[in-house]
Amino acid sequence: PNIYVNVTLLQPHSQTANDLPIRMYGVIPILVEDPQTILKPVISMPGTIRPETNTSISVSESNGKPMTYTIAIVDEGLLDLTRFKTPDPHSSFYAREALGVKTWDLFDEVVGAWGGDLVRILSIGGDGNINRNVDPAKANRFKPVVKYLGPFELKAGAKATHQFKLPQYIGAVRAMVIAGENGAYGYTEKSVEVKKPLMILATLPRVAGPGETFRLPITVFAMDKNVKNVSIEVQVSNLLTSTNAKQTISFSEIGEKMAFADIKVKDAIGIAKVKIIARSGNERADYDVEMDIRNPNPIITAVDATEVNGGASWSGAFANIGINGTNSGQLEISSIPPMNLSKRLNYLIQYPHGCIEQTTSSVFPQLVLSQLTDLSPSQKAQVERNIKAGIAKIKTFQTVNGGLAYWPGMRDADEWGSNYAGHFLIEAKQKGYSLPLGLLENWKKYQRSMANSYVPKSDNFYGGDLMQAYRLYLLALAKAPEIGAMNRLREFQYLSEAAKWRLASAYKLIGQTAVASQLINGLSTSIKPYQQMSYTYGSDLRDEAMILETLTEMGRKSQASSLVKSIAAKLSNDSWYSTQTTAYSLIAIAKYCGVNKSGNKMDVDLVINGKKITLNSSSFLQRYDLAYKAGKANINIKNKGTSLLYVRVIREGQPPQGQNPPQKNNPELLYMEVVYKTLNGKLINPETISQGTDFVAEVTLNNPGKRGNYEQMALTQIFPSGWEIINTRLSDNDGENSSSKYTYRDIRDDRVLTYFNINQRQSLTYQVLLNAAYLGRFYLPSVSCQAMYDDEISAINTGKWVEVVK
């Protein structure tokens, strides 16, 4: 309650006659806590506890009041990362607040909530993957110590005891109790050490590669004078082999000592597990750790194609490619000219970079994949997971004005990226996916603002009119058309053909079919060859795919049919296409197939490694995973129908570590130099480096100027397992100060991805600070740099084996 108190301040008499008593009268509001609203929980537990042992924690209330409470026991290191304070519910619930009146409606929250439930209800079970690289399992290197108990009820005057067991852990935890009861609240905390007489700690590289060897350091702590002789045993999973697996060390006093085991990685990938067991008398300490065994080589693809006439048969045997764990294969049977669906789709999913365009390209085709081919329940479930993950990631690109940036965290929106990702979000919502609150509404505000402020220019080199036409099409698709902006763009005399096709789609969506037809009458469905490294990230094939989408929406089947065959033929060859071009081509073909059902029913008897499958479908295309037996897949096909069928066998895998990918250097277009230096700038040979050395990997890139400025360049540096990246963003080290400016940098466990633009005749230098952390022999993969939207502009060096020595 607020209590108003009259306060009298008296100045005491002093030795000076002039100092007279002074009386001051005032009214001071004082907030007095009601003791009935305060709970004082008490924790009773030892100050030191042992991991992997049942431990008791007792809770009471100091004044004997009843309460309901929860208990959390959390690693102090975790809490320190964010300076986490134990929650004080009393201060929160009884905080003084300004008087205010708020009004709101719950419509979005209610609809969103039901939307989420509907998505879960419609989820399809199954644990199969479209391919092995989708959402691969990762080693859990950091298992946080978090125990949560409750809620519990405590009667008046009572004391409750609870049991818990901490996992393998050494350090300190904080026990926190939060209590409440009928408007009364309280909290308490206690810090507790976690240790035992015998403890061990081991450190492994964050990742390792096939064929590598490294030394595993093991620290043994003797925390009791009775611990004398300690036997150590190292157990490894089937991806590793170990020498010095058993050894003994002796202690004469309390302290710590080091032991080492030599580990070799087999020629396979996956999650490797290491378990270290230390024993001394009745004491035992275990330490478990996981690590990813990854192959840094790019995936290679082999495609074998054939045609099977009606009534004919075909058979073939195919060996897998790549090392174990990386190889996969798929069989495609289609009634239309093949488009390399599996190869092209896997390329999008496996693409190592993740800007807004590439993120959207990886999931957008999966949204319409069911219109092109029948999906198994497990494939449907995997597609659904991928799309939900894509939606969540796109949210991280949104800027304050509602647009979507090219990279997360950038302040300015990317116009084409905002269009393209927004297109995906609209169609995802139409298919029943729940979007994050405010994502689409804020996007619409941004699009309306950009649409109404657009000023057409006679020079369409940068694709500004196509950008505006696409924007207007999307607003119409989102049922928020800007008709005035559409009419202004239609009257622009320099409107490009690609923009006319896209604008026609917008008019078709708002019901003005006659205007749409007038816009495209007499237009060609082919686009003059071009390729753009920024702005719309477009190409002639991408624009033709957008034209196919327009023809499909307007019901012009004959024109669309011939364009489908043309686009599919281009996708079927081995030509490189950007993520934007590849994705939109697949999207347009899938939409055409969804509207125009195949007139040729596929009737096939299929046998894969002895497993019989009957194919009787009106779909344009069917895909089957190849199950290898003894490294081979035997396939037999009998075409029982009358129509020609197109058959493709797509095999993928990663070559063994040590085999370099194909060199695509073109120094006339891009020159790259890779060197390694000490912190003082002295050149060093990376093939042999002393353990503990800090050094710098330096890449210098030069644009000779023959093709003008280069945009959206990607520099990929993958480092050996025994070298650790020193992330200068997390320290006071200025190791990156010598680097040129970049647009975005992605630092991961074993690699650094740097994105930048480079002008003609410009030279840029990028540095990464490293430490030779682990003894052993490791593989240094190739360093590569390429324009993400022009495959001709690329440079790649040769990988090599390196050693970290004492």
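Annotations
- Failed item, numbered, when residue 528 is tested on (1) out of contact with any Gly (no Cβ under 8 Å at 6 or more places or on another chain); (2) in contact (Cβ under 8 Å) with a residue 24 or more places away in the chain: (2)
- Of the residues making up segment 70-100, those that are among the aliphatic types (A, V, I, L, M) and either modelled with pLDDT under 95 or surrounded by fewer than 16 Cβ atoms within 10 Å (Cβ to Cβ) (or both) are 78, 79, 81, 95, 98, 99.
- Given (1) in contact with a Ser or Thr (Cβ under 6 Å, 6 or more places away or on another chain); (2) in a strand (DSSP E or B), number of the condition residue 233 does not satisfy: (1)
- Residues of segment 412-425 that are open to solvent by less than 10 Å² (accessible area, probe 1.4 Å) and aliphatic (A, V, I, L, M): 421, 425.
- Taking first residues from segment 742-755 that are within 17 Å of residue 724 (Cβ to Cβ) and surrounded by 17 or more Cβ atoms within 10 Å (Cβ to Cβ) and partners that are of a type in the set (Phe, Trp, Tyr) and at pLDDT 95 or above, the Cβ contacts under 7 Å between residues at least 6 apart in sequence or on separate chains come to 750/719; 751/719.
- Filter pass, residue 352 being under 18 Å from the mean Cα position of the chain (by Cα), modelled with pLDDT under 95 and more than 27 Å from residue 628 (Cβ to Cβ): no
- Residue ID - surrounded by the most Cβ atoms within 10 Å (Cβ to Cβ), chosen from residues in segment 434-452 that are closer than 16 Å to residue 486 by Cβ, in contact (Cβ under 8 Å) with a residue 40 or more places away in the chain and of a type outside the set (S, T, N, Q): 450
- Considering segment 457-480, the residues that are in contact with a Gly (Cβ under 7 Å, 6 or more places away or on another chain) and surrounded by 16 or more Cβ atoms within 10 Å (Cβ to Cβ) include one that is farthest from residue 363 (Cα to Cα), namely 463.
- Taken over segment 237-264, the criterion of being part of a loop (DSSP other than H, G, I, E, B) and not acidic (Asp, Glu) is satisfied by 237, 238, 239, 244, 245, 251, 252, 254.
- Residues located in segment 783-800, provided they are of a type in the set (S, T, N, Q) and either touching a His at 6+ places or on another chain (Cβ under 7 Å) or open to solvent by less than 20 Å² (accessible area, probe 1.4 Å) (or both): 794
- First in segment 623-652 and on the phi > 0 side of the Ramachandran plot and in contact (Cβ under 8 Å) with a residue 12 or more places away in the chain, second anywhere and assigned to a strand (DSSP E or B) and open to solvent by 20 Å² or more (accessible area, probe 1.4 Å), Cβ under 8 Å, 6 or more apart: 631/319
- Looking only at segment 189-215, and only at residues there that are open to solvent by less than 10 Å² (accessible area, probe 1.4 Å) and not in a strand (DSSP E or B), the one that is modelled with the lowest pLDDT: 204
- Failed condition for residue 596, given (1) over 24 Å from residue 378 (Cα atoms); (2) without any contact (Cβ under 8 Å) to a residue 12 or more places away in the chain: (2)
- Of the strands (runs of 3 or more DSSP E) lying entirely inside segment 710-806, those containing at least 3 residues that are among the hydrophobic types (A, V, I, L, M, F, W, C) span 710-718, 751-758, 763-772, 790-796, 800-805.
- In the set (1) among the hydrophobic types (A, V, I, L, M, F, W, C); (2) modelled with pLDDT under 90; (3) surrounded by 20 or more Cβ atoms within 10 Å (Cβ to Cβ), the condition left unmet by residue 645 is number (2).
To keep it simple, each residue is scored yes or no on (1) modelled with pLDDT of 95 or more; (2) touching a helix residue (DSSP H, G or I) at 6+ places or on another chain (Cβ under 7 Å); (3) more than 15 Å from residue 175 (Cβ to Cβ); (4) not β-branched (Val, Ile, Thr).
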{"position": "2", "(1), (2), (3), (4)": "no, no, yes, yes"}
{"position": "19", "(1), (2), (3), (4)": "no, no, yes, yes"}
{"position": "30", "(1), (2), (3), (4)": "no, no, yes, no"}
{"position": "48", "(1), (2), (3), (4)": "no, no, no, no"}
{"position": "51", "(1), (2), (3), (4)": "no, no, no, yes"}
{"position": "68", "(1), (2), (3), (4)": "yes, no, yes, no"}
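- For segment 685-731, a residue qualifies if it is free of Cβ contacts under 8 Å to residues at least 40 places away in the same chain and either open to solvent by less than 50 Å² (accessible area, probe 1.4 Å) or in contact with a His (Cβ under 6 Å, 6 or more places away or on another chain) (or both), and exactly one does: 727.
- Segment 450-482, subset of a type in the set (Gly, Ala, Ser) and more than 23 Å from residue 428 (Cβ to Cβ), residue modelled with the lowest pLDDT: 458
- Looking only at segment 659-681, residues that are of a type in the set (Gly, Ala, Ser) and surrounded by 15 or more Cβ atoms within 10 Å (Cβ to Cβ) come to 0 in all.
- Strands (runs of 3 or more DSSP E) completely within segment 295-411 that count 1 or more residues being acidic (Asp, Glu) and open to solvent by 20 Å² or more (accessible area, probe 1.4 Å): 300-308
- Scanning segment 436-468 for residues that are under 13 Å from residue 494 (Cβ atoms) and part of a helix (DSSP H, G or I) turns up 464, 465, 466, 468.
- Per the conditions (1) in contact with a helix residue (DSSP H, G or I) (Cβ under 7 Å, 6 or more places away or on another chain); (2) under 21 Å from residue 422 (Cβ atoms), the sole criterion not satisfied by residue 463 is (1).
- The single condition among (1) in contact with a Ser or Thr (Cβ under 8 Å, 6 or more places away or on another chain); (2) more than 20 Å from residue 326 (Cα to Cα); (3) not in a loop (DSSP other than H, G, I, E, B) that residue 218 does not meet is (1).
- Residue, surrounded by the most Cβ atoms within 10 Å (Cβ to Cβ), within segment 513-528, restricted to residues that are of a type outside the set (A, V, I, L, M) and over 13 Å from residue 553 (Cα atoms): 525
- Screening residue 242 against (1) of a type in the set (S, T, N, Q); (2) under 35 Å from the mean Cα position of the chain (by Cα); (3) open to solvent by 50 Å² or more (accessible area, probe 1.4 Å) leaves a single unmet condition, (3).
The values are calculated or read from the model by the stated rules, or taken from the named source; none is laboratory data. Predicted, not measured: the structure shown is a model, and the values here were computed from it. Don't worry about glycine lacking a Cβ; one is built from the backbone with ideal geometry, like all the others, and counts go over all protein chains shown. When the accessible area is computed, the model is the full protein with side chains, heavy atoms only, and any ligands, DNA or RNA have been set aside. Shrake-Rupley method; radii C 1.70, N 1.55, O 1.52, S 1.80 Å.
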